[in-house]
1. Out of A:Ala54, A:Ala23, A:Ala6, A:Ala105, I need the residue that is at pLDDT 95 or above and aliphatic (A, V, I, L, M). Which one?
2. Residues that are in contact with an Asp or Glu (Cβ under 9 Å, 6 or more places away or on another chain) and at the interface with another protein chain (Cβ under 10 Å from one of its Cβ atoms): which strands (runs of 3 or more DSSP E) entirely in region A:104-213 hold 3 or more of them?
3. Output yes when any residue across region B:64-76 is in contact with a strand residue (DSSP E or B) (Cβ under 9 Å, 6 or more places away or on another chain), modelled with pLDDT of 95 or more and of a type in the set (Ser, Thr, Tyr), and no when none is.
4. Counting only residues that are within 7 Å of chain A (Cβ to nearest Cβ) and part of a helix (DSSP H, G or I), which one in region B:228-243 is modelled with the lowest pLDDT?
5. In region B:48-64, how many residues are in contact with a Ser or Thr (Cβ under 8 Å, 6 or more places away or on another chain) and surrounded by fewer than 19 Cβ atoms within 10 Å (Cβ to Cβ)?
6. Assuming B:Gln143 fulfils every condition listed in (1) under 28 Å from A:Ile157 (Cβ atoms); (2) buried (at least 20 other Cβ atoms within 10 Å of the Cβ); (3) without any contact (Cβ under 8 Å) to a residue 60 or more places away in the chain apart from one, which condition is it?
7. Condition first: surrounded by 18 or more Cβ atoms within 10 Å (Cβ to Cβ) and either more than 23 Å from the chain's Cα centre (by Cα) or part of a loop (DSSP other than H, G, I, E, B) (or both). Now tell me which residues in region B:214-227 satisfy that.
8. Keeping to region A:81-107, report how many residues are out of contact with any Leu (no Cβ under 8 Å at 6 or more places or on another chain) and either in contact (Cβ under 8 Å) with a residue 40 or more places away in the chain or surrounded by fewer than 13 Cβ atoms within 10 Å (Cβ to Cβ) (or both).
Protein chains: 2
Amino acid sequence: MTYCVAISVNSGIVFCSDSRTNAGVDMASVYSKMFRFDLGTERQFVVLSAGNLATSQATMHQMKKDIRLNTPVNLNTVTTLNEAADYLGEVSRAQMERHDNSGPAFEASFLLGGQIKGRDHGLALIYPAGNHIRSSVGTPYLQIGESKYGKPILDRIINQDTTLETAALCALVSMDSTMRSNLAVGPPIEVILYTANSFALQPYHRFEEDNDFLRDLKKAWDNRLKEAFNQLSPMTWTYKDKKVINQ
Amino acid sequence: MTYCVAISVNSGIVFCSDSRTNAGVDMASVYSKMFRFDLGTERQFVVLSAGNLATSQATMHQMKKDIRLNTPVNLNTVTTLNEAADYLGEVSRAQMERHDNSGPAFEASFLLGGQIKGRDHGLALIYPAGNHIRSSVGTPYLQIGESKYGKPILDRIINQDTTLETAALCALVSMDSTMRSNLAVGPPIEVILYTANSFALQPYHRFEEDNDFLRDLKKAWDNRLKEAFNQLSPMTWTYKDKKVINQ
């Protein structure tokens, strides 16, 4: 399993991914799911991947190879983020079909974000079918993998005006909730920020399992949540509905 | 979709369910998913259902009929909660198979909780296959339907010593998070408490969409969560990892 989230706000994009892969509980490994395409001062991309590891590795490998061989379509030649997303989707499908690997077990999903000079920064989710959706003002974040546990906090905190630092913190809280509920999502946790128009992928941070900040955040969030819950007004039970019980 | 949660603590059991059913977005209806089997001063049961509405309605109908006809095995004759869960599972499977309805689309899951005199109160989750699991000291709550969004708060708050009132409030917060993230889960929300050794199902409350308590709880929890998040220490970015970016 995997959990990746990317948040696109006015000031830039936050990318956050876990690093646990597993094919059964005794086949758990650590693989980064964050791929940086640092293509100079005019284009920067980050890809996060979820799903079949062979498919996603082959897709990243092919995309790097296309850049190296300067094929007609690659991340250096696309002129928009939509073109980049379409290209990634085609490469992903081609890798899956190469081995006659159809079916959900061989599928991979991707988050692709970044900026091409002269255009706004942007974020897309590429489905296994090769098609994609973009983030929007109403939906500033996109997730792949085990998305549900960590969604409520994103829904409450994130909007277009959220700062990059706050968005990054929220992504880590969302990751913490997911790790707590799904053992197949685990550290190291990688976070990278892209500030709009900076054409530089930084800061980057990789939080290991024993990282102090991550451990403190986990503990602090647990305590704050419990406090928040304890501050709620107790339930006011009215017994007027007692008659309903005997229906 | 559906979300039902039941929490079994030392002092009793809390049951909480939504009431929205849908077969496509334009076929949304309101059906209670909470069924009370008030069988007198020596046995009380509550069933919550998720999944195919025809299967779950047929299952509840057959269980009531078995009580009325006093068949050899029914909720009045079973001697343990495990027997009750096995019986429910058999009825559910029989209803599904009656119409040659195999496959996930016809499946239903159930939560069954209650108490038989002379035994402890207990809680079970009955799968579509007819088998079941019980709650435990380590896992005091069980969920069916859209369980993920509302799980993190349960994991943080609930343990064996949680009071029934706190457990009920936590179930409502868990329900609120689920409703916020999945439109197919919706009010009225039903909550019922069973106090251990009381052999009475009360209090019961049905919260309609415009219920003041539910609306205030939603708002208060939203505010408290945002406050909790805002109280977290900001991220401490170290640029020492900058070298990693250029790898």
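1. A:Ala6
2. Hits in region A:104-213: A:201-207.
3. No.
4. The qualifying residue modelled with the lowest pLDDT is B:Lys242.
5. Selection size over region B:48-64: 1.
6. (3)
7. Scanning region B:214-227 gives B:Arg224, B:Leu225.
8. If we filter region A:81-107 for residues that are out of contact with any Leu (no Cβ under 8 Å at 6 or more places or on another chain), which is where we start, we get A:82-83, A:86, A:89-107.
After this cut, where a residue has to be either in contact (Cβ under 8 Å) with a residue 40 or more places away in the chain or surrounded by fewer than 13 Cβ atoms within 10 Å (Cβ to Cβ) (or both) as well, the list is A:82, A:86, A:89-90, A:95-107.
Qualifying residue count for the region: 17.
The values are calculated or read from the model by the stated rules, or taken from the named source; none is laboratory data. What you see is a predicted model; the values in this text were computed from it and never measured. We place every Cβ from the backbone using ideal geometry, glycine too, and count neighbours over all the protein chains shown.
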